[in-house]
Each structure stands twice: as C-alpha cells, then as structure tokens.
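For reference, the structure discussed in these notes is given below.
Taken together, the values in this text are just the output of simple stated rules run on the coordinates, not laboratory data. Remember, it's a predicted structure, so these values are computed and weren't measured experimentally. When we count neighbours, we look across all protein chains shown, and the Cβ atoms used for this are built from the backbone with ideal geometry, even at glycine.
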Amino acid sequence: MIPGDKCFIVTDAMLVKLGIVSMLTKKLDEFGKAWQIFDEVEPDPHEETILRATEACSKFQPNLIIGIGGGSSLDAAKAVWFLYEHEEDKFTIDELNPFEELHMGVKAKCVAIPTTSGTGAEVTWAVIVTRTDVDGNESKLEQPNGDVIPTYAIVDPQFTKNLPKVLTAATGFDIIAHSSEGLIAEWRTDFADACCYHALDLVKDYFVKAYQNGEDMEAREKMANAASLGGLGFGNSQVIIGHAMGHSLGAVFHLTHGKAVGVMLPYILQYCLRNPDDDTALKTIAKAAKKLGLAEWKDDLAAASDAYIQFLNSLQKSVDFPHTLEECGITREDLGKNMERLVQLTNESSSITMSPREASDALIQKIFEYAFEGKSIDF
Amino acid sequence: MGLKFGTDNWVAAYIETLNNNKAYEESAKTWEGDFLFIIEPEDELDHEVRFYVDLWHGKARNGRTLEPGEVLDPEPPFVFSGKWGNWSKLIDGKLDPIKGLMTRKFRLKGDMKKVMRAVKAAQNLVKTIQMIDTEKY
Ligand SMILES: [Fe+2]
C-alpha cells in the first residue's frame, strides 16, 4: 500500500465529469484517506495554472500528490510537487532544471496515474510547462530533472477505456515518436533500446486494434504498457529533433503534442537517416524494421529503413492521422509568417541537442516546409 | 604537437575556433554572458586551471587564463566546472558536456532560466573545445 493519508489530486475538469477521478476518490475513501481535487489543468498547462495549483496544495498540506490524467495533468502534478516540496526556498519553475539535485519526497510523495496511453510522463523526468512572455508569445519550457520522476506510477488500462478515438491516435503516435527517437538519440543505451523496441512491437500489434475498438481491453492494456515502456526508453536515451519541432508547433499553432510529434516523425527520421557523416541511425532503424517484421532480414539498409517509414505512413492512414502540416490545419501563409519563431523555438529546445544529426536554421526550416507539403526528405 | 590545455595560447586558439564555428555562432546569436571555466585537479593535473571567455551574440570577444587566487570583478555570470578526469574525456569527445552536466560530472552555476533556453548554444560552446589540437596533462 502506498503510504500517505492526505492526498492532493491534480487533474482536469473533463476527467472529473467523466467519473474517472471518482474511481480514484472512491478508493481513497475506502482506505480512509483525505483528499482534495484541483481540476483546472488545461492541455499544455500554463505556468499560472501550476502556480494556482501549488497555492491550493500548500494550503492543504498533503503528504501525497496524485496526478491523474494525460501528460498535461501528470506534468502539472510533477511541477506542483516540486514547488510544494521547495515552498520555503521560494523556487520557481526555472529552478526545475536538470543541473541541480532537488531532494524530493520529504514533504510528499508523488503518484502518477495516466489516463491516456502516450506521454509516459508517469515514468519520465520531463515536465513541460507553457510560459507566456511579456509580448504574449508562448513557449514550452522543457524542465527535466530525474528527481521529479513520480515516486509511484499506477498503470491501469481501465483508466484509458473512455479515451476518444482522436486522442487514442494522437497519444499512440506519441509512443511511436518516443520509441523511434529514443532508439537513435545520442544518449541511447542498451536498456533504453530494449524498452523502445518492445514498445514499438506492442504498438505494431495493438495500436490499430485499440483505435478501432476502445473497449478492447487487451489492446488498451498493451498500449498502456507500451506508453510506459516508451517513457522508460526515451526517459533514459532522450528524444530528439522531432520533439523539438513538435514542441515548437505546439507553442505556435496549438497542435496537441501527439499530433505535432507524430506528424513530424517520418520527416525527422528521414532527415536523421540521411546523415552523411554517420550511419548509426540508418543502421538502427533498418534493424528495428527487421526485428519488427516490417522488412526482410536480407534487405539492405536503405530498403529496410524505408520500410520503417512506410510503416509509419500506413499507420497514419489506419488511425486517420494527418500526414502533413497542411492536414493539421496550418495554412502556407501562417507557416511562412511564423517560420522564424518556429525555428527559434526548435533551437531553444534541449531535445535538439540529443539528435544524431545536427540541423542548421536553414535545414530546420526546410524540414518544416517538406512536412507541410508531405514531401519525402531528400537532403 | 597540440597546444597545452588551459594555457593562454590554448585560450587564444579556443577563441579563434569559436569565432570560426558557424554552428556555435548560429545557436548563440542572442547569447550574452561570460563563462568562467574551472578545471579541478585530479590524476595528472596537480593544480587548478581557470580561464574565462567573454561571449556576445555568437562571438567570443576576449578571454584569458586566471592567475591562482585571482578574483574577477565583476564575477562572470556563468561558471562551468569539473574535475580534470571528466575534462579529459570531454576533450577526447567521449563525454557530451550536457550529459556531463546532467549526470553531475560537471557543474554549471548561473541563470538557469537563460541556460535552459540555450542548451544548444551551451553544448556548442563547450564542444568547440574538441576541435582544438590539444595537448593534455
Ligand atoms: Fe512526447
């Protein structure tokens, strides 16, 4: 049993309305635990929301902080946990950076309960917070620290049963993006590889099933496991330029995270596979295609890696997922107008430093343009 | 034979290499803030080595080594430090500076809000060291 008798629940209003949070609170009542809900977390939570939640949390003085929801609620819970833990230090979100030891868990432990199968936030060190600057421009702060990995993760597919189709598709693509980027990231390790490979294997077998029939609990369970495995994978090896570009699209055009990283994935993979200086990424993705049964063992590197890209393209079709930025509802004019900022935000993302192939501003712009038109990367 | 790491000649070469590194220039085009680098003694290195560089909008404007006990006024806003063993791996390209920071092999002091928006610039700043023909201790 998880210790702690005073629980502060961080979630969104929809999950309260759908009765998902009451599945949790009933259990807490059963075990005689006191609880209080903060249900104002919005998609891509803003810093102000986190601060409001922290204020409520500080008043309540819990010894357990429970995040229940998608990546936004889990990230919010992790951020609230950090700020609450360091109340006396008067820390801000900026102190939640990877370069410091944070000494968490003294005042409270953190429990993460995902209700989508995608972000892996229940097992990762990443916290994404939206900040609005004085000019009203938004950016996504990536604030990772190993000490804010939740103390406990409860991965139970019953919480994902009601996930709408469009979110099942988007979050499923987030898993694929984590696992694919994680496989070729600069910090990859044997342990991360194992997690990423298996997450991809589960996705290959169960993603379309979960999409077509949300009540298929076997498929839901496998996708929930895939999400956490993917999280353990990229949580160690990191994500790369796809997430950097995805966060930038999210900040500028408000694309949901899964949609943004999923639509960019085939393009950034092609870009990394074409690295003229190093063929490690090419070999890795070709091998992944063979292991997953997407290519024949006798296939050469180009054919096998191409099979991987084709697999992504056909999965996009199977789950009615966009293949281009235009299909995401972005106009050419808007893309052009915002290009400078998109490139700048991509460069500001720490994920870009883990990429197996570097990209200049001009190349980042070109990848965005190709993704808009749906052109295969040829540079 | 390369230049001895952390000497004034080496720092001059570092500044020149930084100023010729387009990737650094592009990633650091809005960067303002000097860096002090500290190499703490370990193994073959029996004394502390310190040098600083004045960084402004993608270029290094100035820099030199520091005398033992010398205090800079004003103090540089960013201090990147670590033991020689880790520096040695960094010079050989066996340790990524950002990974080194995140695994606490190096420490970085300064305005983290600024650094977290400029991780690529910080990475390029330190990785430029790998481009210099360096003689180690
Ligand atoms: Fe993601």
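Residue by residue through B:104-117, how many Cβ atoms from other chains fall within 10 Å of the Cβ on average? Provide the component values of the computation, followed by the final result.
Details: counts 4, 0, 1, 2, 4, 1, 1, 1, 9, 7, 1, 5, 13, 9.
Counting Cβ atoms of other protein chains within 10 Å of each residue's Cβ and averaging gives 4.
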Which cross-chain or sequence-distant (5 or more) residues have an amide H under 5 Å from the amide H of residue A:9, H modelled 1.01 Å from N in plane?
A:36, A:37, A:38, A:66
Using amide H atoms built 1.01 Å from N in the peptide plane, name the residues 5+ places from residue A:141, or on other chains, whose amide H lies under 5 Å from its own.
A:129, A:130, A:131
Any idea what the relative contact order of the range B:1-131 is, in percent, if you count C-alpha pairs under 8 Å spaced at least 6 apart?
26 percent
Spin-label proximity, residue A:13 to the range A:73-94 - amide N less than 20 Å from point 7 Å beyond Cα toward beta carbon
A:73-77
Each residue of the range A:198-207 in turn: what ³J(HN,Hα) in whole Hz from Karplus with 6.51, -1.76, 1.60 and θ = phi - 60°, glycine and Pro shown as x?
5, 4, 5, 4, 5, 4, 4, 8, 10, 4
How big is the charge dipole of the range B:3-135 about its Cα centre, in debye rounded to the nearest 20, if each Lys and Arg gets +1 on its Cβ and each Asp and Glu gets -1 on its Cβ?
860 debye
How large is the charge dipole for the range A:168-373, taken about the Cα centre, if only the Cβ atoms of Lys, Arg (+1) and Asp, Glu (-1) carry charge, to the nearest 20 debye?
160 debye
Once phi is turned into ³J(HN,Hα) by the Karplus curve 6.51 cos²θ - 1.76 cosθ + 1.60 with θ = phi - 60°, what whole-Hz value does each residue of the range A:113-125 show in order, with x for glycine and proline?
10, x, 10, 10, 10, x, 5, x, 4, 5, 10, 10, 8
Apply the a/c threshold of 1.5 to the C-alpha gyration tensor of the range B:3-135 and tell me whether it is rounded, prolate or oblate.
rounded
Mind checking the angle between helix A:20-30 and chain A's longest principal axis? C-alpha axes, 0 to 90 degrees, to the nearest 10.
40 degrees
I want to check the label-to-label distance for residue B:65 and residue A:331. Put each point 7 Å from Cα in the C-beta direction and report it in nm to one decimal.
6.2 nm
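Over chain A, what is the mean sequence separation of C-alpha contacts under 8 Å (at least six apart), divided by residue count, expressed as relative contact order in percent?
On the way: 740 pairs, mean separation 52.0, N = 379.
For chain A, the relative contact order is 14 percent.
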Karplus (6.51, -1.76, 1.60) ³J(HN,Hα), θ = phi - 60°, over the range A:345-355, in Hz, Gly and Pro reported as x:
5, 4, 5, 7, 6, 5, 4, 5, 6, 9, 5
